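Every number in this text was worked out from the coordinates using simple rules, so none of it is lab data. All values reported here derive from a predicted model rather than from experimental measurement. Cβ sites come from the backbone with ideal geometry, for glycine too, and all protein chains shown count toward neighbours.
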């Protein structure tokens, strides 16, 4: 066991890291369902918030870029201005896996514990393996945030947006989508297209859509607002180019930047499918939710103090993700307690290692350490390069 490495997760981060380890000849095992979040937990018609040029998976050398995949498949591709469909990105990830990560074991790890000399992981089928070092590349799966107001509701009447890929079973039902970000709007459109009676409810006074990108810009404008994988502007540019420097900022500042940078605004392409089709109750705080007769009574309060009560068959929280250690349900309780945290998130060193020697976290779990770049697939490039070098 002393030389083995286990990668848990087969999304952009896990696949990119495994491709780098394989190229270096480093013995490793990777376990996880390929691109599972993108295949099973996203609205069917969703498009990525990131531009196509920053939506690659990464392998050493020439690698295998999304542009190459689209050209091979005869699919349209533009680096900027043509949003990438969820289905295309998921299929691209599968093609990348088949080329660079052929040894993937496709099942979920359900338990990770410390043993003498390292760790033991057990999967849903009961298969287990031991490794001296483990990389958690678990993506969004453990981290859906459900507001306290809905915690007491049963799964029959309340869920999170991440719980749903296919929403056809909501046909004819009255559904509330809670939130005003990209997940909320994409999900609401998908529900509407599948015959649900859907409303969006949010605290925000208005829904702010991203603007369509301006492709051709004057030189001075390009200098003032350079383009990066995180959007326009020097703040985005620095966050994308210097994640190692970002890690050295004060803890509270890091968390604040990650939470606010590139907020939950929906993609500009969804405006036409949403506005005029789907009602939105905005500027409302949810006071309470009560399950009753197979549905949910939602009490809301407006900014002027006026209260109202609404009735739905089902409530879906599109309230984002919070990468805290206490949500990593696959960890043995003792192992979870051993991980030092900063405001709930794992405290990581410059090589993504937490306070438990030999345990590493990448992707969203690393965002509050390394910056908003790690909320997106494009952060896999930095993570795969640095961590594969360290592990080898």
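Inter-part distance, segment 202-262 to segment 5-26, computed on C-alpha centroids, equals 28 Å. Structure remark: mean-square fluctuation, Gaussian network model of the chain, C-alpha springs under 10 Å; the largest value among 136, 232, 21 belongs to 232.
Note on segment 68-108 and segment 285-325: Cα centroid distance 37 Å, given to the nearest whole angstrom.
Relative to the longest principal axis of the Cα atoms of the chain, helix 380-391 runs at roughly 30 degrees.
Simple spin-label estimate for residue 220 and residue 94 gives 5.0 nm between the two label positions (7 Å along the Cα-to-Cβ direction from each Cα).
Which shape class applies to segment 290-392: rounded if a/c is under 1.5, otherwise prolate when a/b exceeds b/c and oblate if not, where a ≥ b ≥ c are the square roots of the Cα gyration tensor eigenvalues?
On the way: a/c = 3.03, a/b = 2.33, b/c = 1.30.
In terms of gyration-tensor shape, prolate.
In terms of packing, defined here as the mean over residues of other Cβ atoms within 10 angstrom, the peptides 346-354, 381-389 line up highest first as 381-389, 346-354. Given contacts defined as C-alpha pairs under 8 Å and at least six residues apart, what's the relative contact order of segment 1-127, whole-number percent? Value for segment 1-127: 29 percent. With a simple spin-label model that places each label point 7 Å from the Cα along the Cα-to-Cβ direction, the separation between residue 105 and residue 297 comes to 5.1 nm.
May I ask you to derive the FRET efficiency for residue 113 and residue 23 from their Cβ-Cβ distance with R0 = 30 Å, giving the value to the nearest 0.05? With R0 = 30 Å, the Cβ-Cβ based efficiency is 0.50.
In segment 350-375, which residues have a backbone nitrogen under 19 Å from the label point lying 7 Å from residue 259's Cα in the Cα-to-Cβ direction? Once the point is set 7 Å along Cα→Cβ of residue 259, 364-375 turn out to lie under 19 Å by backbone N, inside segment 350-375. Ranked by the mean number of other Cβ atoms within 10 Å of their residues, highest first, the peptides 177-189, 277-289 fall in the order 177-189, 277-289.
Which percent, to the nearest 5, of DSSP beta bridges fully inside the chain are antiparallel? The antiparallel proportion sits near 55 percent.
Between helix 182-193 and the chain there is an angle of about 60 degrees, using the helix long axis and the longest principal axis of the Cα atoms. For the chain, the longest principal axis of the alpha carbon atoms and the long axis of helix 251-260 meet at an angle near 50°. Summary value for the chain: 22 percent relative contact order, contacts being C-alpha pairs under 8 angstrom separated by 6+ residues. Need one word for segment 65-180: rounded, prolate or oblate. Basis is the Cα gyration tensor (sqrt eigenvalues a ≥ b ≥ c); a/c below 1.5 gives rounded, then a/b vs b/c decides. In terms of gyration-tensor shape, oblate. What shape does segment 229-313 take by its C-alpha gyration tensor, where a ≥ b ≥ c are the square roots of the eigenvalues and a/c under 1.5 counts as rounded, a/b above b/c as prolate, and the rest as oblate? Prolate is the answer for segment 229-313, as a/c is 1.5 or above and a/b outweighs b/c.
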